[in-house]
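Remarks on the structure that follows.
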Amino acid sequence: MRQRLLTLALFSLFLFALPAFPISGEFMAADELSRGMRGVGRTVFQGTSIDSFAVEILGVVHSGLGPRQDLILARLSGGPLAETGIIKGMSGSPVYVEGRLIGAVAYGWTFSKQPICGITPIHQMLRVMERDMGPPPAGSRAHFPLELDADAAALVREAIPDGELPDAVSLEPLATPVWVAGMTPLAGSILGEILRPFGLQVMAAPGGREEIGAEPLLEPGSPLGVQLISGDLSATGIGTLTYIDGERIVGFGHPMMLAGAVDMPMTRTIVHGVMPSQYSSFVLGSTTGGEIGAL
């Protein structure tokens with residue numbers, strides 16, 4: 001029988017009345033981090049083999065995304081990041097400091113090619129596993145781009161050279177690239193307009209299915225697909241797996257649609273490469289097979 005995984009992508013930014021999730025030796029809380037600490041992240045830049053990248057902690061912004069919603073600021077390096085900056089499709093890439101998981105790459109700045117990102121702390125992601133799978137609470141939709149407070153803005157300005165960041169220091173979730181195949185340009189354009197308000201960015205083919213032989217191991221840093229459409233038409237959103245707990249996982253690291261309880265097929269994906277862009281770089285990817293679980 002096919003293994004079923006329940007993947008829970010983050011998360012209502014305004015769900016305040018949750019108990020603190022216990023942080024064990026496997027995880028490092030945001031309060032334990034300080035500027036200058038270094039770590040490593042995991043993601044896929046090409047194919048299915050997991051690559052690593054270096055991480056330098058710039059600071060922690062407490063309640064930066066709302067009450068009890070902290071944000072870790074970090075500079076990334078390695079792989080293609082010096083050329084591309086933060087990449088759409090990296091959302092959910094796990095980051096480790098001193099061998100302990102601190103969270104997932106999730107936020108960035110449009111037009112900045114500097115690899116500066118916002119990391120969602122892991123304890124905020126793990127709370128999703130205790131959440132009621134009902135509809136989102138009233139007023140739960142976050143409004144982006146989000147203006148950072150003075151302390152957070154100062155951290156970012158210190159890290160990014162003059163002239164490489166707009167005057168307003170704001171950030172937004174890395175848009176989830178949705179690769180489509182089998183659609184006319186007009187149909188793809190219409191779908192893009194429908195999905196844009198949900199933080200999903202429609203891309204043209206190669207969004208179909210790619211046969212790669214033996215399926216790769218599903219592990220932290222693996223690319224994940226969320227299949228919105230399958231059949232003659234195909235549309236698959238791509239993100240990254242952060243953490244596995246038995247048959248449940250968390251990933252993406254930021255709100256995905258904020259539609260409340262959903263049931264969508266989850267698939268493995270292959271990354272064909274990374275497309276650098278002055279506006280915002282993104283992965284080229286496609287699904288590699290059938291359903292492996294559900295979002």
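The values are calculated or read from the model by the stated rules, or taken from the named source; none is laboratory data. All values derive from a computational prediction rather than experimental measurement. Glycine gets a Cβ as well: all are built from the backbone with ideal geometry, and neighbour counts include every protein chain shown. For the accessible areas, the whole protein counts, side chains as well, though only heavy atoms, and no ligand, DNA or RNA atoms are used. Shrake-Rupley method; radii C 1.70, N 1.55, O 1.52, S 1.80 Å.
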Legend entry - Residues whose placed amide H lies under 5 Å from that of Ser222, excluding near-sequence neighbours: Leu241
Legend entry - His272, His254, His62, reordered so the largest accessible area comes first (probe 1.4 Å): His62, His272, His254
Inset, instruction - Determine, from the Cβ-Cβ distance of Ser63 and Arg100 and an R0 of 22 Å, the FRET efficiency 1/(1 + (r/R0)^6), rounded to the nearest 0.05. - result: 0.45
Inset, instruction - With all protein chains present, calculate the accessible area of Asp232 using a 1.4 Å probe and round the result to the nearest 10 Å². - result: 150
Inset, instruction - Pick out, in residue order, every one of the GluC sites (Glu not before Pro) in the range 23-87 that is DSSP loop and has at most 11 other C-beta atoms within 10 Å; say none if there are none. - result: Glu26
Legend entry - Cα-based shape type of the range 41-88, given that a ≥ b ≥ c are square roots of the gyration tensor eigenvalues and the cut on a/c is 1.5: prolate
Inset, instruction - Once you have the Cα-Cα distance between Ile244 and Arg196, take 0.36 nm times their residue separation minus that, and quote the gain in nm to one decimal. - result: 14.4 nm
